[in-house]
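Written below as structure tokens is the structure these notes are about.
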Amino acid sequence: MRNSLTIARRELSGYFATPVAYVFIVVFLVLNASLAFFLGNFFERAQADLQSFFMWHTWLYLFLIPAISMRLWAEERRQGTIELLLTLPISVADAVVGKFLAAWAFTGIALALTFPMWLTVNWLGQPDNGVILASYVGSFLMAGAFLAIGAAISAITKSQVIAFVLAAAVSFLFAVAGSPVVLGFFSRWAPQAVLDAISGFSFLGNFQAVQRGVFDLTTVVFFGSMIALFLFANAVIVELRKAR
Amino acid sequence: MTAMIEIDGLVKHFGPIRAVDGVSFQVARGEVLGFLGPNGAGKSTTMKMATGFLTPTAGMARICGFDVEERPIEAKARLGYLPEGAPLYPDMNAGAFLDFIADIRGLSGDKRRARLDHAVRSANLADVLGQPIDTLSKGFKRRVGLAQAILHDPEVLILDEPTDGLDPNQKHEVRALIASMAKDKAIVISTHILEEVQAICSRCIIIARGKVVADGTPAQLEARSRWHNAVAVTIAPDKVGAVVARLTSLAPVATVETVDLGNAGSGHAKVVAFPKQGQTIIGTVSDALRGASLPVVEIRVETGRLDEVFRTVTLAA
């Protein structure tokens, strides 16, 4: 764990050593605000809540999170620093968790910087701050799950472009698992129980429940297990590539 | 003498290619092993397996008795490694990078300060600690990589081309550094530079096509050269015919060759007498030349040529 934190610290300072972090944060904030105000009709709805803000998060993450996760392992492999990292006295799990934590903390920072949205609704009316807090936590967890998917995929390749495109594609499948697009593919031959299970994997569905104020353990367990599953896959991929 | 590095039958296949094909050797404390071979012979792949970066197809590597695959953390804690090309995090400052390595190596307090100090001094990095690594010259990057490898005072050092990209002065410093650490460590360096082997290695292994083709001290390998104990005689150009005739007639001399000195000859010619079975012929040769009253500008015994041995054993494989 100490090693994971050391690695996470190094990674996180690496984000801010280049303009990448600042560009990302600015784009994230601008997109968030424009989607909420223009497409989400924040004012027209005349309701003191942040639904028009959170409803876009799944879609934003779909292509912004792979932009963070693509470099996690692909960059190490391209620069050869993975050889340095994996010959230090740490386990592969230390490295996987450390890298993930850094990326997750970074998205946490970006998400936290949307606080003016929260200030705005509180200034305009009396929103249910419990729901808003739950939505923030849910959004952060969902970001973590997308990141874990992207991190595992980044370990497959040394090309960041491939890592980005694949991560976005896989993330899309998970995001819309409950939609007719995905279910239609299975509905002809799979029994209802399977369809229910597949739609249960929908990030969109799980996150929508949170936005309605239904924040229970299921959400935490769902996104938590997705993170654990893909970090495990990440570690397995790194190990397998050593034996290639 | 216990072996600190034990390489036992390492094999690595990349698809249909057998990059490393049963390499075994041991390195004891106090030894500096020069690991030689043509490009693509499997040097780096062997090192990557010895350090636990690649999983071998077969065979095993032990560092200080710890199997690199079974007990990787213990093995890697006792190992300092400079990977091929000295990869480093380009966005980090050199100083921050060494701090990161010190954290991972679990160094703290006075010991940490002392080790960082020593590594920075040994690699001459004091002036560049505040600079981002990607702004450093190739030589400085290599030295940051070296500092990283020796930071925790490891018992085993594996250095893949430690002097690549350094200027002659820096090469000299790095060799002096390696020599100074040799006494209480087991060190493996890979290199293309044969003079480096003669300068610092106590032993040398040549591999070709994934197999060990020669293993011995530099002197032993030199003795395999046909130049070993050959006598080179520098003379005036008009005496070449007479000298060649006289030397060819000697019993222990196998062949005599004239060497074209080109522009470097400054008006002299050079004749080399090669001995039969590497015997010592300097006495016979000098007596014969003196007996025939042939004046000699310079006469010297060759020790043998590592580059020639290298060519012979690697091309034969």
Residues (in a loop (DSSP other than H, G, I, E, B) and surrounded by 17 or more Cβ atoms within 10 Å (Cβ to Cβ)) located in the range A:202-242: A:202, A:215
Residue identified as crowded, with 17+ Cβ neighbours inside 10 Å, closer than 19 Å to residue B:25 by Cα and either basic (Lys, Arg) or touching a residue at least 40 places away in the same chain (Cβ under 8 Å) (or both) among B:246, B:203: B:203
Taking the range B:62-98 and keeping only residues that are more than 9 Å from chain A (Cβ to nearest Cβ) and closer than 12 Å to residue B:152 by Cα, one is left with B:80, B:98
Within the range A:161-192, tally of residues that are open to solvent by 50 Å² or more (accessible area, probe 1.4 Å) and either modelled with pLDDT of 80 or more or part of a loop (DSSP other than H, G, I, E, B) (or both): 12
Scanning the range A:58-82 residue by residue, the ones that are in contact with a Gly (Cβ under 9 Å, 6 or more places away or on another chain) and crowded, with 22+ Cβ neighbours inside 10 Å total 6
Report yes if some residue within the range B:7-21 is closer than 14 Å to residue B:159 by Cα and either more than 10 Å from chain A (Cβ to nearest Cβ) or not in a strand (DSSP E or B) (or both); otherwise report no. no
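The values are calculated or read from the model by the stated rules, or taken from the named source; none is laboratory data. None of these values were measured; they are calculated from a predicted model. Positions of Cβ are generated from backbone atoms using ideal geometry, with glycine treated the same way; all protein chains shown enter the neighbour counts. Ligands, DNA and RNA are stripped out before the accessible areas are found, and what is left, the full protein with its side chains, is counted by its heavy atoms. Shrake-Rupley method; radii C 1.70, N 1.55, O 1.52, S 1.80 Å.
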